[in-house]
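Novice: Dropping the structure in here first, questions after.
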Amino acid sequence: MNRIADYLIVGGGIVGLTVAWELRNRFPAARILVLEKEAALGKHASGRNSGVLHSGIYYDSHTLKAKVCAEGARRMKAFATQYEIPCHHSGKVIVATAPEDLPVLTRLLHNAQANGIQAELRDVQGIQQLEPHAGVYQQGIYCPETAVIDSKAVISRLQALLTAANVEILFHAPVDSVDLPTSTVMTPVGTVGYGYLFNCAGAFADQVARHFGLGSDYLLLPFKGIYHTLRPQRSALLRANIYPVPNIKQPFLGVHLTRVADGTVYAGPTAIPALGRENYGILRGARWGESLQVGLAIAGMYAANQQNFRRLVHTELGKYQKKHFVAAVRKLMPALTADDLLPSSKVGIRPQLIHRREKRLEMDYVIEKTENSLHVLNAISPAFTSSLAFAPWLVEQALASSSPPPAPPGDNP
Ligand SMILES: Cc1cc2nc3c(=O)[nH]c(=O)nc-3n(C[C@H](O)[C@H](O)[C@H](O)COP(=O)(O)OP(=O)(O)OC[C@H]3O[C@@H](n4cnc5c(N)ncnc54)[C@H](O)[C@@H]3O)c2cc1C
């Protein structure tokens, strides 16, 4: 069946859904359509994450992440209150576990101050007042604004709100090709003509962008996030969240301990280079051609060794072995043993954008545009946290640069 949309959104993850929601609120009569390749929402990153609403302490004040993370968290908490979505305002601690972590704590405090985020430097005793079993080398930071939300419940609620507001979500509808002169997208379930297109395709955003002649500098590489759960008898050892001090040259925050909305305690995720964008099992979801491309890109990154990439690969691949995973967790909570960590079916893939020529991991969100399309190429963490502030920013970018402006025909016939 052929359709027409004033605004077409490719991808029904948190970014696509919040963009659709923002558009609906601005343009009540516009025809808005979301294309989702799966049979249901939440099958990828947005339904498989840690659910932590980050405070924004990790990001330099000049970054786009800093601009939208803290505000996104505030709006997501208000959304949770309005729609009765489980959300625990539990706070978190970031603990130093070695001398080299201490200067990074100072840097994080500086970010917090620049970004207007609450953060308290505490000594070992001060951290252990909050998390009695935390392993701490001298100091840590308490972030009282961090919360943990049920991300699947957010996706379900947005789906219900959008459907009630006459936004169509078309399932089994991957973008196969695009006819640029007629602004038409081809999918297995029909064609869609669009006025303006938002590419929010997560792990496949670079491939969708290539239909528009964009994204040629970039490739999305998949990194697998494996979790374990804490044996229920031991879960009381954690009050809320314990994070390590991250390597600030890399976009991953490190294995952490998180108590989620239903009380389960997760340890993870890893950031292991994966064989494919949907390689959720050991081999499941890996495709030969894609694995080859990923393997070659990783080899190139490994050789260039920007941002200490080799160390990342070695450390993360090691975490496939339980003893290394346990060692990472025990730095945060020395009382835990291998027996306390149970395997979990929860696994997510983080699509991480690399700059192909410069062989580096992109640290911030990356956007590219044409006259009537906008492409979100690096919706990495904390894109879930940021989404309710990020989506309005994306819509503003679209309205500011399109020519002619995408005043929706539905609102201005
Ligand atoms: C293990 C893990 C832990 C994380 N923890 C946190 C956290 O604690 N806090 C936080 O803020 N963030 C976290 N993140 C990051 C966060 O989950 C992501 O940044 C966010 O979900 C990205 O949303 P998205 O909409 O861009 O992508 P997705 O959720 O992947 O959605 C993209 C959608 O597009 C669809 N799609 C793909 N290609 C096509 C196509 N060609 N045509 C049509 N549809 C298509 C996909 O099926 C998918 O539904 C984590 C991520 C992972 C993997």
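The values are calculated or read from the model by the stated rules, or taken from the named source; none is laboratory data. Predicted, not measured: the structure shown is a model, and the values here were computed from it. Ideal geometry is used to build each Cβ from the backbone, glycine not excepted, and the neighbour counts take in all protein chains shown.
Novice: For residue 69, are the conditions met, namely being out of contact with any Pro (no Cβ under 7 Å at 6 or more places or on another chain) and over 27 Å from residue 193 (Cα atoms)?
Specialist: For residue 69, the condition - out of contact with any Pro (no Cβ under 7 Å at 6 or more places or on another chain) and over 27 Å from residue 193 (Cα atoms) - is not met.
Novice: Considering 214, 197, 221, which residue is in contact (Cβ under 8 Å) with a residue 60 or more places away in the chain, touching a strand residue (DSSP E or B) at 6+ places or on another chain (Cβ under 6 Å) and assigned to a loop (DSSP other than H, G, I, E, B)?
Specialist: That would be 214, the only listed residue that is in contact (Cβ under 8 Å) with a residue 60 or more places away in the chain, touching a strand residue (DSSP E or B) at 6+ places or on another chain (Cβ under 6 Å) and assigned to a loop (DSSP other than H, G, I, E, B).
Novice: It is to be established whether one or more residues within segment 273-294 are buried (at least 19 other Cβ atoms within 10 Å of the Cβ), in the same structural domain as residue 223 (by TED's automatic domain parsing) and under 30 Å from residue 97 (Cα atoms).
Specialist: yes
Novice: Oh, and also: Kindly indicate the residue of segment 318-349 that is in contact with a Ser or Thr (Cβ under 7 Å, 6 or more places away or on another chain) and assigned to a strand (DSSP E or B) and also farthest from the ligand (Cβ to nearest atom) among those meeting that condition.
Specialist: Among residues in segment 318-349 that are in contact with a Ser or Thr (Cβ under 7 Å, 6 or more places away or on another chain) and assigned to a strand (DSSP E or B), the one farthest from the ligand (Cβ to nearest atom) is 342.
Novice: Here are the criteria: (1) within 14 Å of the ligand (Cβ to nearest atom); (2) surrounded by fewer than 20 Cβ atoms within 10 Å (Cβ to Cβ); (3) in contact (Cβ under 8 Å) with a residue 12 or more places away in the chain. Tell me which single one residue 203 does not satisfy.
Specialist: The number of the failed condition is (2).
Novice: Do we have any residue at all in segment 66-82 that's away from the ligand (no atom under 13 Å from the Cβ) and assigned to a loop (DSSP other than H, G, I, E, B)?
Specialist: No: zero hits.
Novice: Now for a different question. Looking for whichever is out of contact with any helix residue (DSSP H, G or I) (no Cβ under 6 Å at 6 or more places or on another chain), buried (at least 24 other Cβ atoms within 10 Å of the Cβ) and not in a helix (DSSP H, G or I) here; the options are 56, 12, 16. Which one fits?
Specialist: Unique residue meeting the criteria: 12.
Novice: Inside segment 244-282, can you point out the residues that are of a type in the set (Ser, Thr, Tyr), more than 10 Å from the ligand (Cβ to nearest atom) and touching a helix residue (DSSP H, G or I) at 6+ places or on another chain (Cβ under 8 Å)?
Specialist: Passing the criteria: only 264.
Novice: Turning to a different aspect of this structure: Consider residue 331 against the criteria (1) out of contact with any Leu (no Cβ under 7 Å at 6 or more places or on another chain); (2) closer than 25 Å to residue 222 by Cβ: it satisfies all of them except one. Which criterion is unmet?
Specialist: Of the numbered conditions (1) out of contact with any Leu (no Cβ under 7 Å at 6 or more places or on another chain); (2) closer than 25 Å to residue 222 by Cβ, the odd one out for residue 331 is (2).
Novice: I need the full set of residues from segment 359-376 which are of a type in the set (A, V, I, L, M, F, W, C) and more than 10 Å from the ligand (Cβ to nearest atom), in order please. Break it down stepwise before answering.
Specialist: Residues of segment 359-376 of a type in the set (A, V, I, L, M, F, W, C): 361, 363, 366-367, 374, 376.
361, 363, 366, 367, 374 - these are the residues of segment 359-376 that are of a type in the set (A, V, I, L, M, F, W, C) and more than 10 Å from the ligand (Cβ to nearest atom).
Novice: Identify, please: which residue in segment 37-52 is touching a residue at least 60 places away in the same chain (Cβ under 8 Å) and over 11 Å from the mean Cα position of the chain (by Cα) and is, among those, farthest from residue 382 (Cα to Cα)? Even if it seems obvious, please write down each step before you answer.
Specialist: Residues of segment 37-52 touching a residue at least 60 places away in the same chain (Cβ under 8 Å): 37-42, 44-52.
Okay, now just the ones that are also over 11 Å from the mean Cα position of the chain (by Cα), so 37-42.
Details: 37: 23, 38: 23, 39: 25, 40: 23, 41: 19, 42: 16 Å.
Per the stated criteria, the residue is 39.
Novice: Check off (1) farther than 25 Å from residue 150 by Cα; (2) touching a strand residue (DSSP E or B) at 6+ places or on another chain (Cβ under 8 Å) for residue 88 and give me the number that stays unchecked.
Specialist: Unmet condition: (1).
Novice: Could you check segment 95-164 for helices (runs of 4 or more DSSP H) lying wholly inside it with 3 or more residues that are surrounded by fewer than 14 Cβ atoms within 10 Å (Cβ to Cβ)? Steps first, answer last, please.
Specialist: Values: elements: 102-115, 124-130, 151-164.
Ranges flagged: 102-115, 151-164.
Novice: What residue, among those in segment 354-395 that are of a type outside the set (A, V, I, L, M, F, W, C) and assigned to a helix (DSSP H, G or I), is nearest to residue 6 (Cα to Cα)?
Specialist: 392
Novice: To continue, here is another question. Tally time: how many residues in segment 165-194 are outside any strand (DSSP E or B), more than 11 Å from the ligand (Cβ to nearest atom) and either closer than 19 Å to residue 373 by Cβ or among the aromatic types (Phe, Trp, Tyr) (or both)?
Specialist: Looking only at that region, the number is 5.
Novice: If a residue has to be in contact with a strand residue (DSSP E or B) (Cβ under 6 Å, 6 or more places away or on another chain) and more than 7 Å from the ligand (Cβ to nearest atom) to count, how many in segment 25-52 make the cut?
Specialist: Final tally of qualifying residues: 5.
Novice: Filter segment 322-375 down to the residues that are surrounded by 16 or more Cβ atoms within 10 Å (Cβ to Cβ), more than 15 Å from the chain's Cα centre (by Cα), aliphatic (A, V, I, L, M) and within 30 Å of residue 236 (Cβ to Cβ) and list them by number.
Specialist: Result: 326, 328, 329, 332, 333, 336, 341.
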